[in-house]
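In what follows, a structure is listed as structure tokens, so that the remarks can point back to it.
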Amino acid sequence: MKTYLLEEMTWPEIQAAMKNGCDTVVIYVASIEQHGPALPEMTDTILGYAAASDLAKRLGNALAAPLIRPGLSAHHMCFPGSITLRPETFRAVVEDYISAYVHHGFRTIVLASSHGGNFRALEEIAQQQSEQYPHVRIVCGCSLEELDAALAEVEVLEGLPVGTCGGHACDWETSVMMMLNEDYVRREKLQRGHVGALTEELLHRFFEDGVMSVSEIGVMGDPTGADAARGIRYFQYMQDMQEKAVRKHLMEWDKKSAISMLNNSFSYW
């Protein structure tokens with residue numbers, strides 16, 4: 001196919017794709033929020049579109065939904081331009097996306113996020129929606145904890161100091177943005193933010209007290225040495241991790257469903 005993005009397709013093209021086995025839709029949730037002095041507020045949206053399209057291609061029988069944004073970004077509201085949804089609004093939008101795609105006949109829904117603030121809410125929504133649509137596979141991608149661990153691992157692989165990939169407007173995000181479209185990166189504005197291990201206490205302050213309580217410029221990590229070639233490696237690594245997580249969760253869903261059917265069969269007899 002020329003594109004995996006549903007919004008770039010016509011309805012006959014979508015219908016044909018579904019008849020040819022595309023029964024999975026990837027729904028990425030992003031944000032519109034500050035990303036330090038050097039990256040635009042649409043950073044997570046740009047990264048999310050790239051990740052959603054790539055994941056749909058990797059899964060082989062999937063299409064990618066229009067990105068949902070803004071997201072849950074209350075911890076960024078101390079910086080001008082950031083937008084956040086109320087939790088109930090966020091939930092309603094995600095649920096309406098799921099409802100629409102179930103209506104059209106998609107049998108697998110993958111929920112994923114390019115913004116850290118959305119992860120836990122997505123997990124809760126996936127659980128609730130799985131109960132509402134028991135015959136539809138509704139799963140999430142990797143967890144926030146898995147993402148944090150991956151950032152620490154890529155630092156080691158790339159030989160970078162601890163905290164360089166702090167998770168927000170850092171070497172990782174900036175390098176991937178350079179890979180996707182270097183024009184979005186204000187190189188002369190790149191500045192080192194908070195650099196250090198992503199401890200539980202630090203993440204609590206980050207989300208509960210706001211980003212500015214940890215970094216006055218809104219940067220978690222050090223993007224000053226960001227590089228497009230490294231961005232290619234980062235993107236590949238993170239997408240490998242995301243694909244692995246999704247496939248694992250789908251296998252777990254299938255196993256749970258098979259056990260449930262078996263139990264129901266024994267109950268019937």
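Scoring residue 146 on the criteria (1) open to solvent by 30 Å² or more (accessible area, probe 1.4 Å); (2) within 30 Å of residue 102 (Cα to Cα); (3) free of Cβ contacts under 8 Å to residues at least 40 places away in the same chain leaves a single failure, condition (3). If only residues of segment 22-46 that are of a type in the set (S, T, N, Q) and in a loop (DSSP other than H, G, I, E, B) are counted, the one that is farthest from residue 77 (Cα to Cα) is 31. Does residue 112 qualify as being assigned to a strand (DSSP E or B) and either open to solvent by 20 Å² or more (accessible area, probe 1.4 Å) or at pLDDT 95 or above (or both)? Taking the combined requirement at face value, the residue satisfies it.
Within segment 47-61, one or more residues are buried (at least 18 other Cβ atoms within 10 Å of the Cβ) and farther than 30 Å from residue 187 by Cβ.
Under the condition of being buried (at least 16 other Cβ atoms within 10 Å of the Cβ) and either free of Cβ contacts under 8 Å to residues at least 24 places away in the same chain or not aromatic (Phe, Trp, Tyr) (or both), the residues counted in segment 181-190 number 2. Checked across segment 116-137, the condition of being of a type outside the set (Lys, Arg), touching a residue at least 60 places away in the same chain (Cβ under 8 Å) and not in a helix (DSSP H, G or I) holds for no residue.
For segment 250-258, state whether one or more residues are basic (Lys, Arg) and surrounded by 16 or more Cβ atoms within 10 Å (Cβ to Cβ).
No; the residues of segment 250-258 include none that is basic (Lys, Arg) and surrounded by 16 or more Cβ atoms within 10 Å (Cβ to Cβ).
Restricting attention to segment 8-48, the residues being under 28 Å from residue 247 (Cα atoms) and touching a residue at least 40 places away in the same chain (Cβ under 8 Å) number 21.
Checking the condition in contact (Cβ under 8 Å) with a residue 60 or more places away in the chain, surrounded by 12 or more Cβ atoms within 10 Å (Cβ to Cβ), of a type outside the set (Phe, Trp, Tyr) and part of a helix (DSSP H, G or I), which residue from 241, 178 passes?
Working: 178 fails: in contact (Cβ under 8 Å) with a residue 60 or more places away in the chain.
The match here is 241.
The values are calculated or read from the model by the stated rules, or taken from the named source; none is laboratory data. Every value quoted in this text rests on a predicted model; they were computed, and no experiment measured them. Using ideal geometry, Cβ is built from the backbone for each residue, glycine included, and neighbour counts are taken over all protein chains shown. SASA here: full protein model, heavy atoms, side chains in, ligands and nucleic acids out. Shrake-Rupley method; radii C 1.70, N 1.55, O 1.52, S 1.80 Å.
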